[in-house]
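Engineer: So that we are looking at the same thing, I have put the structure below in C-alpha cells.
The values are calculated or read from the model by the stated rules, or taken from the named source; none is laboratory data. Values in this document were obtained by computation on a predicted structure and should not be read as measured data. Cβ placement follows ideal geometry from the backbone for every residue including glycine, while neighbour counts extend to all protein chains displayed. For accessibility, only protein heavy atoms count, side chains too; no ligands or nucleic acids. Shrake-Rupley method; radii C 1.70, N 1.55, O 1.52, S 1.80 Å.
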Amino acid sequence: MTENPKKYKINDYLYQLAVKDYRKAIQTLPKILDISLNTFHNYRNILGNETQDIPYEKVVMMEQLFGMEPGSLRTQPIEVSNLKDFLQPILKS
C-alpha cells in the first residue's frame, strides 16, 4: 500500500539535514514561523490530494528559510491559464 505524496516538500528538505541539525530545525522552525509544534507537524503531513493548505505567508517564509525559489515548496505546481485568456470573448465559428 503506497501513501499519497505530500503536498509540500518540507520533509524532503528536513531529511537532507544531519540528525543534529534536523532535531534543532524541528524545534526552531515553529518558533520562527510563530506556530505550534503540532501545527508544524500538520503542515509536514498534508497530502497532495487534500484541500488543506498552509497560509501563504508561512509558505513564503519556509521557501526563504530553505533557500528555495518562490513557488517551489509545493510538490505539484499549480497550473492555470492567463487571466486575459479567460476575459477574451469566445469566438463563434
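Engineer: Show the residue pairs meeting these rules: Cβ distance below 7 Å; 6+ apart or different chains; first residue within the range 1-30 and more than 16 Å from Ile54 (Cβ to Cβ); second residue assigned to a helix (DSSP H, G or I) and among the aliphatic types (A, V, I, L, M).
Structural biologist: Here the result reads Leu17/Ala25; Tyr22/Leu14; Ala25/Leu14, each pair linking the range 1-30 to a residue that is assigned to a helix (DSSP H, G or I) and among the aliphatic types (A, V, I, L, M).
Engineer: Pick out the one residue from Gly48, Gly67 that is at positive phi and not β-branched (Val, Ile, Thr). Can you show your working first?
Structural biologist: Details: Gly48 fails: at positive phi.
So the residue among Gly48, Gly67 that is at positive phi and not β-branched (Val, Ile, Thr) is Gly67.
Engineer: Among the residues of the range 1-44 satisfying the criterion of being outside any helix (DSSP H, G or I) and open to solvent by 80 Å² or more (accessible area, probe 1.4 Å), which is modelled with the lowest pLDDT? Walk me through how you get there before you give the answer.
Structural biologist: Taking the range 1-44 as the starting set, the residues that turn out to be outside any helix (DSSP H, G or I) are 1-9, 15-18, 34-36.
From the residues that got through so far, the ones that are open to solvent by 80 Å² or more (accessible area, probe 1.4 Å) too are 1-3, 5, 15-16, 34.
Details: Met1: 53, Thr2: 63, Glu3: 68, Pro5: 91, Tyr15: 96, Gln16: 96, Asp34: 97.
Step by step, filter the range 1-44, then rank; the result is Met1.
Engineer: If a residue must be in contact (Cβ under 8 Å) with a residue 24 or more places away in the chain and either part of a loop (DSSP other than H, G, I, E, B) or open to solvent by 40 Å² or more (accessible area, probe 1.4 Å) (or both), how many such residues does the range 53-72 contain?
Structural biologist: Filtering the range 53-72 for residues in contact (Cβ under 8 Å) with a residue 24 or more places away in the chain gives 53-54, 58-59, 61-62, 65-66, 68, 72.
From what is left, the residues that are either part of a loop (DSSP other than H, G, I, E, B) or open to solvent by 40 Å² or more (accessible area, probe 1.4 Å) (or both) are 53-54, 61, 65-66, 68, 72.
Qualifying residue count, the range 53-72: 7.
Engineer: While we're here: Which of the residues that make up the range 73-86 are assigned to a loop (DSSP other than H, G, I, E, B) and open to solvent by 40 Å² or more (accessible area, probe 1.4 Å)? Before the answer, list the steps.
Structural biologist: Step one: of the range 73-86, the residues assigned to a loop (DSSP other than H, G, I, E, B) are 73, 75-82.
Passing the criteria: Thr75, Gln76, Pro77, Ile78, Glu79, Val80, Ser81, Asn82.
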